[in-house]
Amino acid sequence: MIDIWHRLPMRGKMLCLAALAAAIAAPLVADRYLLSVLILVFYFAYLGQAWNLLMGFAGQLSLGHALYLGLGAYTATALWTLFGIGPWIGVFIAIPVAAAAGMIVGWLGWRFAIEGVYFALLTIAFAEFTRIGFDHLQITGASAGLFLSVNSPGSDKWWNLGGGPLLYYYLALILAVAATLLVAWLRRSPLGYRWLAVREDPEAARAAGIDIFRAKMIAMLISASMTAVGGVFYGFYYRNLFPSQVFDIGRSIEIIMAPIIGGLGTVFGPLVGAILLTPLGESLTALMQHFGVNTPGAKSIFYGLTLMVIITLQPSGVWPWLARKLGLDRPRT
Amino acid sequence: MTALLSINGISKRFRGLAAVSRVSFDVSQGEIFAVIGPNGAGKTTLFNMIAGAIPPDEGTITFAGTRTDGLRSDQIARLGVGRTFQLVRPFPALTVEDNVIIGALMQTKTVRDAETIARDTLARLDLFDKRTQIASSLTLPDRKRLEVARALATGPKLLLLDEVMAGLRPTETDRIVATLRDLNRDGLTILLIEHVMRAVTALASRILVLHHGAAIAEGNPEQVLRDPAVVESYLGAESL
């Protein structure tokens, strides 16, 4: 970890510290609306990091991360509403549930050599039939949804993951920062190198003694676990869950936008992507509300257009380009 | 001398075509063993079976006392068999140094140690000054050297080289030959598949000649290269 810090050029260190200070101080000046946008920024940065581990580093395309998000959200929320088990304990049950799902998807795919686009289809399929399953699961409210009450005793306390926007803001910030540090550390770890090798050339990776199945499974394990934590946050922030929303493929696409725009396989890409994309998306929603336009799917079109522009102008994402402009791409040796 | 690698009657058929049929030979500890033969003779198939990329249909392969036929290529690599690919396969988007670090991580658990090994290996193969370059930006000779460096960084007991000299200029060939000879002097056993006879004669202590998947001659270079069957099938009469 210290090693990573030392590798950053001086300008990079200053920028990191300044950004972190600004993020910590933001609630002093931000109003409630701006704060809600910033919560989403860090939430998507966090989920982007989780997905980027699997796609950007290990090279495995998942278009079904809504599965782990939804399982995390439903597990923790159901534990609380049904058994009164709080989210801080619930998260440790949500993680293995989502991780197990990830292991099943990974095992089925990679054991039987389902690669690339076909693997992506498999991930979509799993998210879809889990959605259908939850649509009929009476105990969690089926398609009518699962709700967290806002006025039962203790529901507004931080230990039950309830309260005002400040709580969610700092929680999302901590998640995003912690995920970025974790990814930065993993990138420079033996495991990170193995992932890159698997991504770049599986056959050559094998020749370097790498068990590529194992490497991919570990990537999936970490990615699904992290996404489940994001799901717990989602459940207790929105306080209502519908299978048709949380397991939706649109949810999966939302997760992957920030890292693609920001830069696949980079440590700061998901962060930069979320900072750029989320406020733009939210402004669009606000503008449309202001002018009384109600076009469903406008946000998807906007995401699609943004993606096309970025892929055309900067195929490797905004961050690699930005890092060059800021002179941050040369690590000190 | 003890056999480090023992090949016993291995065969491989592709849809009825016998790519390799009942080939047997031993590679001794510390020697440089060359496999030559015309295109399509089954050299690369043989090589891929030793490296574990494809399983043999029959026969056994024993490396350092362990049966390796049927093992995965990564398991064989971890036993101490390093390999290069005929069509070079560096990790394209990574730096030269990161490529070799990945190899070195097979013999050490920390990235710091792997970096040290990688830098030593790169220095040995004249790539140290290019270590921060992206692998895909290298010239073909450099990429070939990078392949050797990555395989070498895994700390192999046996190095399998699949036509590393092909496409190189004579001066570049001589440089790699000198490097390989140095490595061999330090105790590395090398099995090479090669078309460039200049390199084979300079390096090999023994040669096996494959033709239509079968071994037609084996022995020291002087014997083998004068063998009439070898001359006819591969070298051509004019080479005499």
Exercise. Would a scan of the stretch A:219-232 turn up a residue that is without any contact (Cβ under 8 Å) to a residue 60 or more places away in the chain and either surrounded by 19 or more Cβ atoms within 10 Å (Cβ to Cβ) or within 14 Å of chain B (Cβ to nearest Cβ) (or both)?
Worked result: no
Problem set entry | Matching residues, the stretch B:154-188, being in contact with a Gly (Cβ under 6 Å, 6 or more places away or on another chain) and buried (at least 22 other Cβ atoms within 10 Å of the Cβ) | B:Thr154, B:Pro156, B:Leu159
Exercise. So B:Ala199 clears everything in (1) buried (at least 16 other Cβ atoms within 10 Å of the Cβ); (2) modelled with pLDDT of 90 or more except one condition, right? Which one?
Worked result: (2)
For this session: Considering only the stretch B:46-84, state which residues are closer than 29 Å to B:His212 by Cβ and acidic (Asp, Glu).
Result: B:Asp57, B:Glu58, B:Asp69
Exercise. Exactly one of (1) more than 8 Å from chain A (Cβ to nearest Cβ); (2) β-branched (Val, Ile, Thr); (3) within 17 Å of A:Arg194 (Cα to Cα) is unmet by B:Thr62. Its number?
Worked result: (3)
For this session: Could you tell me whether the stretch B:109-128 includes any residue that is surrounded by 21 or more Cβ atoms within 10 Å (Cβ to Cβ), within 10 Å of chain A (Cβ to nearest Cβ) and of a type in the set (Val, Ile, Thr)?
Result: no
Exercise. Of A:Asp201, A:Asp211, which residue is touching an Asp or Glu at 6+ places or on another chain (Cβ under 8 Å) and either closer than 29 Å to B:Ser73 by Cα or surrounded by fewer than 21 Cβ atoms within 10 Å (Cβ to Cβ) (or both)?
Worked result: A:Asp211
Problem set entry | Sole exception among (1) buried (at least 24 other Cβ atoms within 10 Å of the Cβ); (2) within 9 Å of chain A (Cβ to nearest Cβ); (3) among the aliphatic types (A, V, I, L, M) for B:Val100, by number | (2)
Exercise. Just checking, which of B:Ile76, B:Ile101, B:Ile54 is closer than 16 Å to A:Gly209 by Cα and not assigned by TED's automatic domain parsing to the domain that holds B:Met165?
Worked result: B:Ile101
Seminar exercise, completed: Looking across the stretch B:129-151 at residues that are crowded, with 24+ Cβ neighbours inside 10 Å, within 12 Å of chain A (Cβ to nearest Cβ) and among the charged types (D, E, K, R), the single one that is nearest to B:Asp98 (Cα to Cα) is B:Arg150
Exercise. Which condition number does A:Ala113 fail, the rest of (1) over 20 Å from A:Ser36 (Cβ atoms); (2) in a helix (DSSP H, G or I) being met?
Worked result: (2)
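The values are calculated or read from the model by the stated rules, or taken from the named source; none is laboratory data. This one's a predicted model, so the numbers in the text were calculated from it and none came from an experiment. Note that each Cβ is placed from the backbone with ideal geometry, even for glycine, and that neighbours are counted across all protein chains shown.
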